[in-house]
Every structure is written in structure tokens, then in C-alpha cells.
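The values are calculated or read from the model by the stated rules, or taken from the named source; none is laboratory data. It should be emphasised that the depicted structure is a prediction, and the values quoted were computed from it without experimental measurement. Note that each Cβ is placed from the backbone with ideal geometry, even for glycine, and that neighbours are counted across all protein chains shown. Just the protein is used for accessible areas: all its heavy atoms, side chains included, with ligands, DNA and RNA removed. Shrake-Rupley method; radii C 1.70, N 1.55, O 1.52, S 1.80 Å.
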Amino acid sequence: MWDPYSEFQSAILPNGLTIHAAHWPGRPWEAIGFLIHSGAEHDPVGLEGLAHFIEHAISENTHVSSKNICAFFESCGGFVNLGTTSYSGASYRFFVPADKAILSRAFLIFGQMLLSVEFERCIEQERQVIISEFYRQYVSNVKLELDTRKHKALYPGFWLERSVRPLGNPESVRKITRKDLQSHYDAHYTPANMSIVGVGGMRLPELIELLSKSPFAANKKGARTPLPMPVTDVVPPSETRYNFKVSEQNFNFPINASWYESTAKIPGSINDQVMGILKESMDEVLNDEVREKRALSYAVGCYIYNFRHFYEFLIHCDATSDINGAGEIIENCISLVGNRESLVEKTKRYVLARNSIKDLTGRNVCDNALEDLANYQRVISLAEIGRNIEQVTMNDIQIALQYLRPERRWTLIIEP
């Protein structure tokens, strides 16, 4: 089995910058990703959205305009992403020919952007862009109120209690000052708190040489944000069920079906391959029982979000005419998974087989390595993933299922 993640070699520059490179001989391109190991999880209380605001404003305050940055990468047939912020970190990417002159120019641009920005321009412009971005996600106050209610019920004491999205909220974004941007950037955008990933035609020593001649070699005081300790248990939500009746709202459009959504918080100490097999098994049972046998919904399934401290496990059932019947069946499905060892073993075989035939591009591998570094601060090989899948037992699944009991979930029922 080809395992591109086992091919990574790593080095640390004298200033603390970590580089991970996978050399693919003969490739005429190089995919590069940058990860800042601090994200929305590290926003100060009352300034939610600060990390995301920095990501927005950073490219508007470099020596080269964002328009000219994009033009440079387009001129060589490449691609650039000027920033994405998650709860765990902020990432930046580019894809260019494996040419030392082009890479030197790209490292100059990104080195200045990620290590030596002074926030002076376009702050108010980006503030309005971010607020508009928030309202594109929340066109209705109702959705925001429901998400806020869920977060307060499930995540007391954690950053998610006060943040429904990494971009913060309009109230907190309006409070952020130029000084806030600069001090947070100076503290977190440092070589020691940064990882660079390279995949393609360049060898690790070649990348080190180029980076050593770029602004990335600068000495800037800082430290790596430590990985959070996964919780080993979670408290039940303060509220377990909320019924929302559309007829009691002043909506201008009719809704004739009901929706079901139920969310559990599961300890991050559980191996993520256990969570993946649980999701796949639940998806199959839900599809069989809710859609195929009873046609209660066209779309029913699970989603998992890894917040490092814990996982969010969400069960969603779209548009059903019998919300009570669908809810009862979903409870039965959760119980069914815990008693169907043959299903879990079949799911393991499928997940193992899928793991062995991944069709990956260089950009895929670069992006996935960045995700691994954000979650674990190391790159995970396919071989390690395979071993973890093989080690999953029925007992592991049953331990995870205890956090899906009704009293441990926040369930939202939306009715006409």
C-alpha cells in the first residue's frame, strides 16, 4: 500500500520553525501549506473572532497587495489561499511550479505576511466583510438563536459556549481594535508556533535552504501553543430537548415538514477511528430503518466534528412528516448498533479497504497533513490509521454509544 504520509521528513530551524516535507521525485510542482497553531479556540473572552479577523486583515497589510499576490501565483499557473481559520488554527496555502526562483518569491511574500505585518490598512473594511460573512451564514436570527442555545447547553466552560463559529459574532467583532489585532498576531504568529508542509518535487534540504534565505528565518520570540488535553468524560447537557414550532414565528413562507437534529458531546480521549466506525455503522442503520424501510426521510445520517478536547456527534433527519415516529426509530437505531457486532466488523473491513486505496493528489496530502498537525501536531501515516482501525473492538463502540443516550444529547425538533 502506498503511504504518502510515511514519506514525510521533518526538521526544525534554529528559530523554532518546523518543516515537514514529502519528496515526490519528478513532480514539476510543489504544494505548500502553513499552519499557525492558534485559532478561534484561543480568542480572548469578549473578542471572539479575533483569530479570524487577523487572517482577513493580514493579506491587506503586507508589502504586496492581495490583488498582486493573487496575480503572481496565477502568472505561473499556480494557486493561492490567503487564509482559513478554524478553532484549532489558521492555515494558508499555495501551489506553484517546483522552481527555486518562484518558490523564493512565494516564501518572501508569505514570510512577510506571516511574521512581520503591521496592521494599519483596511481594518474597517475587513470588519464589515466579516460581519457580512456572519450574516450570510445566519440570514435569520432564529438559526443563530438555535445554535447559541445548543452551544450553551452542550459546552459550558468551553470556548464553544460563547462561539458558534470561528468568525465570532458581530458584537465581538465590532469591539476588536487595531491594538488587539497586533498584540494577538505578535504573540501567535511566530516561527515556534508555525509548521510548514511541502509536498512535491522539492527535497527537504532544498526547502530548508530556501526558507533559510527568506523572512521565515527571522528570530521572533514565541512558543508553540500546547495541545489541549482530551477530556475523558463529559457532563450531560443542561437541556436535552427543545421543540421549535415554525407556526409560532412570523415567517413569510410555509413549512410542511418536520426536522430532527440531535447532538452529543463525546470525550476526545476516544480514538478517532472508533468514532469513524461508529459513524459509518450508524449511517447504515439509519438509512435502512428511516429511509429504506419506512421512507420517513430522504436524508438521514451522522456528522462528526473533532474539537480535540471532545467530539461533536450529530444525527440529522431532514423533512419528515412523522417527527415522533422518526425520533423513536432513531433511538432504536442507536440501540441496534450496540448489539450488532457483525455490522461493526463489516464496517471495519470496509473502512480498512477504503484506507488502502486512497486516491490522493499532492494538494490532498498537503491539506491532510495540515489537518493532522492542527489536531495532533504530527503527521499520521495510513499504516497507523490502519492499525488503529484493526484494534477497534465492540467494547470501544459500546463505550462511545453511552454518550448517545437521550439524557446526554441535545435534541432539536422543528415542527410546522
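Among residues belonging to segment 323-337 that are touching a residue at least 60 places away in the same chain (Cβ under 8 Å) and open to solvent by 10 Å² or more (accessible area, probe 1.4 Å), point out the one that is farthest from ILE270 (Cα to Cα).
ILE323
Go through the residues of segment 42-49 one by one and say whether even a single one is in contact (Cβ under 8 Å) with a residue 12 or more places away in the chain and touching a strand residue (DSSP E or B) at 6+ places or on another chain (Cβ under 7 Å).
Among the residues of segment 42-49, not one is in contact (Cβ under 8 Å) with a residue 12 or more places away in the chain and touching a strand residue (DSSP E or B) at 6+ places or on another chain (Cβ under 7 Å), which makes the answer no.
Considering only segment 256-300, state which residues are closer than 20 Å to SER335 by Cβ, charged (D, E, K, R) and open to solvent by 30 Å² or more (accessible area, probe 1.4 Å).
GLU261, LYS279, GLU280, ASP283, GLU284, ASP288, ARG291, GLU292, LYS293, ARG294
If we keep just the residues of segment 381-416 that are surrounded by fewer than 16 Cβ atoms within 10 Å (Cβ to Cβ) and of a type in the set (Lys, Arg), which is nearest to the chain's Cα centre (by Cα)?
By that ranking, first place goes to ARG387.
Out of segment 1-35, which residues are small (Gly, Ala, Ser), assigned to a strand (DSSP E or B) and open to solvent by 10 Å² or more (accessible area, probe 1.4 Å)?
Of everything in segment 1-35, those that are small (Gly, Ala, Ser), assigned to a strand (DSSP E or B) and open to solvent by 10 Å² or more (accessible area, probe 1.4 Å) turn out to be SER10, ALA11.
Within segment 69-88, track down each residue that is in contact (Cβ under 8 Å) with a residue 40 or more places away in the chain and either of a type in the set (Val, Ile, Thr) or closer than 17 Å to GLU124 by Cβ (or both).
Of everything in segment 69-88, those that are in contact (Cβ under 8 Å) with a residue 40 or more places away in the chain and either of a type in the set (Val, Ile, Thr) or closer than 17 Å to GLU124 by Cβ (or both) turn out to be ILE69, THR85.
Which residues, counting only those in segment 338-363, are under 30 Å from TRP29 (Cα atoms), surrounded by fewer than 19 Cβ atoms within 10 Å (Cβ to Cβ) and either among the charged types (D, E, K, R) or touching a strand residue (DSSP E or B) at 6+ places or on another chain (Cβ under 9 Å) (or both)?
ARG354, LYS358, ASP359, THR361, ARG363 - these are the residues of segment 338-363 that are under 30 Å from TRP29 (Cα atoms), surrounded by fewer than 19 Cβ atoms within 10 Å (Cβ to Cβ) and either among the charged types (D, E, K, R) or touching a strand residue (DSSP E or B) at 6+ places or on another chain (Cβ under 9 Å) (or both).
Each row is one residue, and each column tells you yes or no for (1) of a type in the set (D, E, K, R); (2) closer than 21 Å to ARG241 by Cα.
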position: GLY89; (1), (2): no, no
position: ALA98; (1), (2): no, no
position: ARG105; (1), (2): yes, no
position: VAL117; (1), (2): no, no
position: GLU126; (1), (2): yes, no
position: VAL129; (1), (2): no, no
position: LEU146; (1), (2): no, yes
position: ARG149; (1), (2): yes, yes
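For PHE107, are the conditions met, namely being within 28 Å of the chain's Cα centre (by Cα), farther than 30 Å from VAL173 by Cβ and open to solvent by 30 Å² or more (accessible area, probe 1.4 Å)?
no
State which residue pairs qualify: first residue free of Cβ contacts under 8 Å to residues at least 60 places away in the same chain and inside segment 175-204, second residue outside any loop (DSSP other than H, G, I, E, B) in any location, beta carbons under 8 Å apart, and separation of 6 or more residues or different chains.
Short answer, once both residue conditions are applied: ARG178/ILE123.
All but one of (1) under 20 Å from the mean Cα position of the chain (by Cα); (2) closer than 25 Å to ILE266 by Cα; (3) touching a residue at least 12 places away in the same chain (Cβ under 8 Å); (4) surrounded by fewer than 18 Cβ atoms within 10 Å (Cβ to Cβ) hold for ARG378; state the number of the condition that does not hold.
Every condition holds for ARG378 apart from (3).
Would you confirm whether any residue within segment 308-319 is farther than 22 Å from SER86 by Cβ, open to solvent by less than 10 Å² (accessible area, probe 1.4 Å) and in contact with a helix residue (DSSP H, G or I) (Cβ under 8 Å, 6 or more places away or on another chain)?
Yes - at least one qualifying residue is present in segment 308-319.
Determine the pairs where a residue that is within 17 Å of ILE266 (Cβ to Cβ), located within segment 142-159, has a partner that is assigned to a helix (DSSP H, G or I) with Cβ atoms under 6 Å apart, the partner being 6 or more residues away or on another chain.
Partner pairs satisfying both residue conditions: HIS151/LEU160; HIS151/GLU161; TYR155/GLU161.
Could you tell me which numbered condition LEU314 fails, if it satisfies all but one of (1) at pLDDT 95 or above; (2) assigned to a helix (DSSP H, G or I)?
Tallying (1) at pLDDT 95 or above; (2) assigned to a helix (DSSP H, G or I), LEU314 fails exactly one: (2).
So which of SER66, SER38 ends up being open to solvent by less than 40 Å² (accessible area, probe 1.4 Å) and touching a residue at least 40 places away in the same chain (Cβ under 8 Å)?
Details: SER66 fails: touching a residue at least 40 places away in the same chain (Cβ under 8 Å).
Matching residue, one of SER66, SER38: SER38.
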